[in-house]
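Have a look at the structure below, then the notes.
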Amino acid sequence: VQVKPKHPDFKRKDGYSFWLGKDEKWVLPKLEGLQFDVPTAISKKGDGGESWNDLVQNYANWWDNRLNKRNAKAPDFKHKETSKGLWLDSSSKWVLEKLPPPMKPKQSVDTERTLVS
């Protein structure tokens with residue numbers, strides 16, 4: 001899957017690029033089973049994708065603020081230990097597909113204001 005139509009189908013670490021055309025379909029069966037270095041998602045906010053991968057793999061380590069944001073500029077997810085913030089508008093499509101649906105925040109009971117007769 002190409003990022004952009006003009007991007008090469010393959011790119012070596014030394015910079016050499018290769019595009020598959022109609023005549024190069026013979027190479028596809030030979031590629032099956034090979035492992036490639038595939039870059040992770042790149043975020044507009046400077047994150048190289050590591051935090052998005054961590055969010056998907058270790059969801060319990062993040063606060064999910066999608067439904068209870070008090071400020072529109074606040075992050076949608078915040079790491080519980082590092083306080084790293086992530087915004088969905090800077091995520092890749094694959095992240096949205098792997099996230100669980102947002103859960104409604106739990107209602108807290110204010111015990112100090114409860115009257116007992």
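Show the residue pairs meeting these rules: Cβ distance below 9 Å; 6+ apart or different chains; first residue within segment 26-37 and closer than 17 Å to Arg12 by Cα and free of Cβ contacts under 8 Å to residues at least 60 places away in the same chain; second residue open to solvent by 80 Å² or more (accessible area, probe 1.4 Å) and not hydrophobic (A, V, I, L, M, F, W, C).
Asp37/Lys13
Within the set of pairs 6 or more residues apart or between chains, which connect a residue that is more than 12 Å from Ser51 (Cα to Cα) and of a type in the set (D, E, K, R) inside segment 73-93 to a residue that is part of a loop (DSSP other than H, G, I, E, B) and open to solvent by 30 Å² or more (accessible area, probe 1.4 Å) with Cβ atoms less than 7 Å apart?
These pairs meet every condition: Asp76/Asn65; Asp76/Arg66; Asp76/Trp87.
Can you tell me which condition Lys44 does not meet? The list is (1) open to solvent by 70 Å² or more (accessible area, probe 1.4 Å); (2) of a type outside the set (Phe, Trp, Tyr); (3) at pLDDT below 85; (4) out of contact with any helix residue (DSSP H, G or I) (no Cβ under 6 Å at 6 or more places or on another chain), and all the others hold.
Result: Lys44 fails condition (4) only.
Being modelled with pLDDT of 85 or more and part of a helix (DSSP H, G or I): is that true of Ala74 here?
no
Collect the residues in segment 10-34 that are open to solvent by 100 Å² or more (accessible area, probe 1.4 Å) and assigned to a strand (DSSP E or B), keeping them in residue-number order.
Lys11
The values are calculated or read from the model by the stated rules, or taken from the named source; none is laboratory data. These numbers were taken from a predicted model, which means no experiment stands behind them. Counting neighbours? That spans all protein chains shown, and the Cβs are built from the backbone with ideal geometry, glycine included. Ligands, DNA and RNA are stripped out before the accessible areas are found, and what is left, the full protein with its side chains, is counted by its heavy atoms. Shrake-Rupley method; radii C 1.70, N 1.55, O 1.52, S 1.80 Å.
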